């Protein structure tokens with residue numbers, strides 16, 4: 001559920017209490033805009049409370065996720081020649097297992113796969129990210145984000161879907177969609193060796209692993225456009241396939257840049273990586289969505305599952321075509 005209404009809040013709001021622990025100042029009434037409100041996370045914009053009167057993004061999420069993202073900022077992102085929102089600090093929420101993290105507002109406009117300037121900048125940004133972070137992150141023991149990680153997602157989501165098929169809250173149509181999706185997961189799993197082979201041509205590096213339109217902003221200035229990715233809690237170490245599944249990214253432009261560092265990575269290999277990355281992306285989405293299939297509130301969840309079932313058919317066709325070349 002996303003809320004866009006701005007409301008005045010007093011200093012007893014938990015985000016403000018946590019922010020006051022960082023800035024060491026008592027806060028009065030400020031405007032708070034709720035950007036995202038889900039069971040596992042709450043994201044707010046604190047108007048004017050950052051350095052120089054800038055906005056601050058406050059994110060409440062499980063403490064392990066917050067600590068992972070904080071580590072990514074401190075040990076990786078600060079050493080790369082790219083633009084990222086500043087991480088202002090982290091506050092543990094006592095007794096809940098959650099924490100509050102505070103970030104510079106990424107500002108700018110949302111990334112659009114329909115805008116060529118955005119897709120070209122995405123290619124350049126990811127090319128620099130992957131090639132420059134390779135040495136920076138190599139010895140940091142980051143979470144694994146290679147083919148094996150997404151095969152585990154595929155298996156977990158498929159198994160959970162199959163267990164849910166007997167649920168009384170599912171309609172006959174819903175059961176049909178889920179049964180077909182589970183069968184598609186079986187088919188992909190049976191060919192996973194092929195997927196791994198398509199990934200073998202690429203070096204391992206640091207990846208964002210959760211790139212969508214919603215967590216990339218584009219800033220425009222006198223020097224041109226700058227891509228600003230955020231939400232790094234899923235980042236880790238693996239082949240760059242998952243990032244190359246970003247919708248709209250100009251793969252030829254990406255290839256022309258990374259070949260300066262990785263001359264063995266040609267456009268055919270980059271396209272194969274993107275195809276594998278789309279399967280990885282769908283496996284992660286299906287696994288996440290499958291966690292709520294026992295809920296009574298299934299309309300939105302099943303709408304997503306229907307989309308994934310259609311998208312999986314397309315992804316299987318593309319991966320088969322890439323493997324045949």
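Quick notes on this one:
- Here is the figure for segment 86-104: residues that are touching a residue at least 24 places away in the same chain (Cβ under 8 Å) and buried (at least 18 other Cβ atoms within 10 Å of the Cβ) total 10.
- Residue list for segment 154-175, filter: surrounded by fewer than 14 Cβ atoms within 10 Å (Cβ to Cβ) and either farther than 16 Å from residue 286 by Cβ or outside the structural domain of residue 298 (by TED's automatic domain parsing) (or both): 166, 168, 169, 171, 172, 173
- Applying the criterion of at least 3 residues that are closer than 14 Å to residue 124 by Cβ and in the same structural domain as residue 311 (by TED's automatic domain parsing) to the helices (runs of 4 or more DSSP H) found wholly in segment 184-293 leaves 251-258.
- Residue within segment 70-93 that is in the same structural domain as residue 234 (by TED's automatic domain parsing), under 18 Å from the mean Cα position of the chain (by Cα) and outside any helix (DSSP H, G or I) present: no
- Unique match (being in contact (Cβ under 8 Å) with a residue 60 or more places away in the chain, in a helix (DSSP H, G or I) and at negative phi) among 67, 154: 154
- Residue among 188, 218, 207 that alone is more than 22 Å from residue 59 (Cα to Cα), in contact (Cβ under 8 Å) with a residue 24 or more places away in the chain and surrounded by 15 or more Cβ atoms within 10 Å (Cβ to Cβ): 188
- Any hit, segment 115-131, residues being modelled with pLDDT of 95 or more and in a loop (DSSP other than H, G, I, E, B): yes
- Of note, residue 261 does not satisfy the criterion of being in contact (Cβ under 8 Å) with a residue 24 or more places away in the chain, surrounded by fewer than 22 Cβ atoms within 10 Å (Cβ to Cβ) and closer than 30 Å to residue 164 by Cβ.
The values are calculated or read from the model by the stated rules, or taken from the named source; none is laboratory data. Here the structure is a predicted model, which is why all the values come from computation and not from measurement. Backbone-built Cβ (ideal geometry, glycine too); neighbour counts: all protein chains shown.
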